[in-house]
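The values are calculated or read from the model by the stated rules, or taken from the named source; none is laboratory data. Because the structure is predicted, anything quoted here is derived from the model rather than measured. Here Cβ is always computed from backbone atoms with ideal geometry, including for glycine, and neighbour counts include all displayed protein chains.
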Amino acid sequence: MICLGEALVDRRGPLGTDPAAALPQQCDDRLGGAPANVACALARLGTPSAFLGRLGTDAIGSAFQRLMTERGVDLSGLQHDPLRPSRIVLVRRDLSGDRSFGGFAGDRGQGFADQALDAEALQSALPLLLAAARWLQIGTIPLATAPSAAALAAALQLSAAAGVAIALDVNWRPTFWDASAAADAGPTPAAVDSMRPLLERAGLIKLAAEEAQWLFGSRDPAQIHAALPQRPAVVVTDGAAQVAWCFGASCGVMPAYSVPVVDSTGAGDAFLAGLLHQLCRQPRLLEANSAEAVRFASACGALVCGGAGAIDPQPTAAAVETFLAGCV
């Protein structure tokens with residue numbers, strides 16, 4: 001399993017406070033980034049994973065290398081940028097704990113390392129990784145910058161030639177595309193156009209409910225499945241409310257598990273990792289028992305909410321099974 005895209009730090013300020021204005025000791029920095037989260041979650045579940053991205057030669061880059069090495073994530077495709085820093089995302093939390101993304105820190109004038117993902121280096125590293133992979137997991141954030149968009153296009157071409165399926169987490173984050181955009185802004189027509197080839201190539205698509213509405217005018221995964229030429233498996237998550245899915249002949253809706261929430265960061269990434277973990281182990285699982293697949297994935301997401309940050313609370317497969325046994 002290969003995860004391609006951004007690894008970054010989520011800098012969380014005190015509740016109700018802009019982290020850009022908070023003192024450093026008031027902030028909580030956590031390693032994150034959706035593809036990095038999925039790679040780490042897969043490794044903890046027991047599915048071999050590789051991370052393909054670009055980090056600065058800084059403390060954040062070193063911390064990610066230590067973490068992923070400890071988890072057993074393959075870093076043979078990791079790129080190192082001597083000019084650009086690893087990205088820090090400023091996460092604003094209101095008094096109820098709900099999050100929004102309010103810009104970035106650390107830019108020295110040349111952007112961030114993840115924006116400069118190099119297509120040539122990727123084309124050198126990726127074929128060997130693809131030879132042992134079933135899925136390439138991607139998001140849309142690399143599309144926001146020309147170099148990383150070119151690298152993503154190269155990865156799609158190589159994966160198609162290798163017969164490796166694409167799992168797409170839309171993960172729309174407007175400030176990555178336009179630093180002045182409102183945190184709740186939907187995608188622009190130009191952004192939607194750039195996403196379209198990914199949406200029409202993926203074998204599995206995960207969307208938040210609002211992303212489904214923006215991109216397809218519907219939150220019904222069956223309608224989204226039917227609207228795309230390749231008829232992908234589609235999952236639509238709706239936070240603490242429910243998850244709905246359509247994998248062709250198998251569709252359903254399931255309420256989310258009710259759990260005490262410390263931090264919801266990375267819950268969706270843990271969900272996706274749980275689903276991909278099962279697909280790597282049982283490639284025909286979606287056709288045979290989709291409800292059980294979604295149930296396992298939902299438990300992964302729920303368990304991550306019980307701790308701080310996206311990566312530290314990620315569960316083992318045994319912890320998920322124990323949780324599910326207690327929900328019967």
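Restricting region 32-49 to residues that are buried (at least 24 other Cβ atoms within 10 Å of the Cβ) and touching a Cys at 6+ places or on another chain (Cβ under 8 Å) leaves a set whose member that is farthest from Q65 (Cα to Cα) is L45.
Answer yes if at least one residue in region 246-267 is farther than 18 Å from R134 by Cβ and of a type in the set (D, E), and no otherwise. Yes - at least one qualifying residue is present in region 246-267.
Of all residue pairs spaced 6 or more apart or on separate chains, those with beta-carbon atoms under 8 Å, a first member in region 74-86 that is farther than 17 Å from A63 by Cβ and acidic (D, E) and a second member that is modelled with pLDDT of 95 or more and assigned to a strand (DSSP E or B) are D74/A50; D74/F51. Residues in region 275-312 that are in a loop (DSSP other than H, G, I, E, B) and buried (at least 20 other Cβ atoms within 10 Å of the Cβ): C305, G309, A310, I311.
Could you tell me which of the residues R134, R219 is surrounded by fewer than 19 Cβ atoms within 10 Å (Cβ to Cβ), closer than 28 Å to L303 by Cα and in contact with a strand residue (DSSP E or B) (Cβ under 6 Å, 6 or more places away or on another chain)? Working first, answer last.
Details: R134 fails: in contact with a strand residue (DSSP E or B) (Cβ under 6 Å, 6 or more places away or on another chain).
Being surrounded by fewer than 19 Cβ atoms within 10 Å (Cβ to Cβ), closer than 28 Å to L303 by Cα and in contact with a strand residue (DSSP E or B) (Cβ under 6 Å, 6 or more places away or on another chain) holds for just one of R134, R219, which is R219.
Among the strands (runs of 3 or more DSSP E) confined wholly to region 229-273, which include 1 or more residues that are of a type in the set (A, V, I, L, M, F, W, C) and more than 21 Å from the chain's Cα centre (by Cα)? Qualifying strands (runs of 3 or more DSSP E): 251-255. Taking the conditions exactly as written (touching a residue at least 40 places away in the same chain (Cβ under 8 Å), in a strand (DSSP E or B) and under 14 Å from the mean Cα position of the chain (by Cα)), does C3 satisfy them or not? Taking the combined requirement at face value, the residue satisfies it.
Across region 155-203, what is the total count of residues that are among the β-branched types (V, I, T) and closer than 20 Å to V235 by Cα? Break it down stepwise before answering.
As a first pass, look at region 155-203 and keep what is among the β-branched types (V, I, T): 164, 166, 170, 175, 188, 192.
Right, trim to closer than 20 Å to V235 by Cα and you get 164, 166, 170, 192.
So the answer is 4.
Considering only region 197-216, I want to know if a residue exists there that is outside any helix (DSSP H, G or I), within 24 Å of G5 (Cα to Cα) and at pLDDT below 95.
Here is the first cut: in region 197-216, the ones outside any helix (DSSP H, G or I) are 200-208.
Add one more test, that the residue is within 24 Å of G5 (Cα to Cα), and what stays is 200-208.
Pick out the ones that are also at pLDDT below 95 and you get none.
No, region 197-216 contains no residue that is outside any helix (DSSP H, G or I), within 24 Å of G5 (Cα to Cα) and at pLDDT below 95.
Each residue in region 50-71 was checked for being buried (at least 16 other Cβ atoms within 10 Å of the Cβ) and among the basic types (K, R), and 2 pass. With the structure loaded, tell me whether S264 is within 19 Å of F323 (Cα to Cα), buried (at least 18 other Cβ atoms within 10 Å of the Cβ) and in contact with a Gly (Cβ under 9 Å, 6 or more places away or on another chain) or whether it fails that test. The answer is no for S264.
Exactly one residue out of G266, G309 is more than 21 Å from T140 (Cα to Cα) and in contact with a Lys or Arg (Cβ under 9 Å, 6 or more places away or on another chain), and it is G309.
Within the option set G139, G163, being at pLDDT 95 or above, out of contact with any His (no Cβ under 9 Å at 6 or more places or on another chain) and at positive phi holds for one residue only, G163.
Identify the residue in region 116-131 that is without any contact (Cβ under 8 Å) to a residue 60 or more places away in the chain and not hydroxyl-bearing (S, T, Y) and, among all such residues, is farthest from G77 (Cα to Cα). Quick ask: steps written out before the conclusion?
The first filter runs over region 116-131 and keeps only residues without any contact (Cβ under 8 Å) to a residue 60 or more places away in the chain, leaving 119-121, 123-124, 127-128, 131.
Going one step further and asking which of them are not hydroxyl-bearing (S, T, Y), we end up with 119-121, 123, 127-128, 131.
Values: A119: 11, E120: 12, A121: 8, Q123: 10, P127: 10, L128: 10, A131: 13 Å.
The selected residue is A131.
For region 243-271, filtered to residues that are more than 23 Å from G33 (Cα to Cα) and among the polar types (S, T, N, Q), the residue that is modelled with the lowest pLDDT is S250.
Of the residues that make up region 95-109, is at least one modelled with pLDDT of 95 or more, among the hydroxyl-bearing types (S, T, Y) and farther than 19 Å from A270 by Cα? First the steps, then the outcome.
In the first step, residues of region 95-109 are kept if they are modelled with pLDDT of 95 or more; the result is none.
No, because not a single residue in region 95-109 is modelled with pLDDT of 95 or more, among the hydroxyl-bearing types (S, T, Y) and farther than 19 Å from A270 by Cα.
Criterion applied to A167, A160, A154, A149 was being in contact with a Lys or Arg (Cβ under 9 Å, 6 or more places away or on another chain), part of a helix (DSSP H, G or I) and either surrounded by fewer than 22 Cβ atoms within 10 Å (Cβ to Cβ) or not charged (D, E, K, R) (or both), and the one residue passing it is A160.
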